[in-house]
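Colleague: Once you've had a glance at the structure underneath, I'll fire off some questions.
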Amino acid sequence: MLADAATSLLAIAALVVAMYSGWVWTDPAVGIVGSIVIASWAYTLIRDAGSVLLDVSVDKKLERTIRARLEAGEDRVTDLHLWQVGPGHCAAVISLVSDAPLSPATYKERLHDLKALSHVTVEVERCPHH
């Protein structure tokens with residue numbers, strides 16, 4: 001909306017300048033500048049929306065932090081999916097294998113202070129060779 005409003009104001013300004021100065025080229029020039037601004041904005045919007053829709057992992061540092069907090073003792077993260085569900089909000093689905101598994105709530109508690117995690121699902125399995 002801001003890009004649209006800015007280009008509209010520039011177009012009005014260009015028409016006023018053209019009307020009083022006779023510089024008829026100002027309106028087409030502002031039209032070209034406006035189209036570049038809107039194309040740039042549209043590209044950014046498509047890129048960001050595409051990342052969310054395709055479940056692109058947004059934060060490798062957050063992934064490493066989750067793994068570090070959950071992989072204690074014999075606990076191993078076997079599958080970790082992390083994706084953005086909104087601005088500043090991520091969801092995670094985590095699968096763990098352990099010789100002595102704890103409850104999913106225990107593992108979730110290890111992550112409770114990570115503000116970026118809005119929704120966490122933890123699946124825990126006993127190690128098959130145990």
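The values are calculated or read from the model by the stated rules, or taken from the named source; none is laboratory data. Keep in mind the model is a prediction, meaning the values are calculated, not measured. FYI the Cβ positions are ideal-geometry reconstructions off the backbone, even for glycines, and counts take in every protein chain you see. For accessibility, only protein heavy atoms count, side chains too; no ligands or nucleic acids. Shrake-Rupley method; radii C 1.70, N 1.55, O 1.52, S 1.80 Å.
Colleague: Would you kindly derive the ³J(HN,Hα) couplings of the stretch 62-70 from the backbone phi angles with the Karplus curve 6.51 cos²θ - 1.76 cosθ + 1.60 (θ = phi - 60°), listing them in order in whole Hz, with x for Gly and Pro?
Modeller: After applying 6.51 cos²θ - 1.76 cosθ + 1.60, I find 5, 4, 4, 5, 4, 4, 4, 6, 8 Hz.
Colleague: Then there's this: Could you work out the helix-only [θ] at 222 nm for the chain, with each DSSP H run of four or more residues adding -39,500 (n - 2.57) and the total divided by the number of residues, to the nearest 500 deg cm²/dmol?
Modeller: -16500 deg cm²/dmol
Colleague: Calculate the radius of gyration of the Cα atoms of the stretch 46-103 to one decimal place, then report Dmax, the largest Cα-Cα distance, as a whole number, both in Å.
Modeller: Rg then Dmax for the stretch 46-103, in Å: 13.5, 45.
Colleague: Okay, next question. Which three semi-axes in whole Å describe the equivalent ellipsoid of the stretch 1-64, each the square root of 5 times a Cα gyration tensor eigenvalue, listed largest first?
Modeller: Each semi-axis is the square root of five times an eigenvalue, giving 40, 9, 8 Å.
Colleague: Given a 1.4 angstrom probe, what's the average accessible area per residue across the chain, in square angstrom?
Modeller: Accessible area per residue: 67 Å².
Colleague: Heavy atoms only, probe 1.4 Å: what % of the accessible area of the stretch 10-109 goes to carbon and sulfur, would you let me know?
Modeller: Percent of accessible area from carbon and sulfur atoms in the stretch 10-109: 67.
Colleague: Can you give the FRET efficiency to the nearest 0.05 for Ser95 and Tyr43, using r as the Cβ-Cβ distance and R₀ = 41 Å?
Modeller: FRET efficiency, Ser95 to Tyr43: 0.70.
Colleague: If amide hydrogens are placed 1.01 Å from N in the peptide plane, which non-local residues have theirs closer than 5 Å to the one on Cys127?
Modeller: Ser98, Asp99
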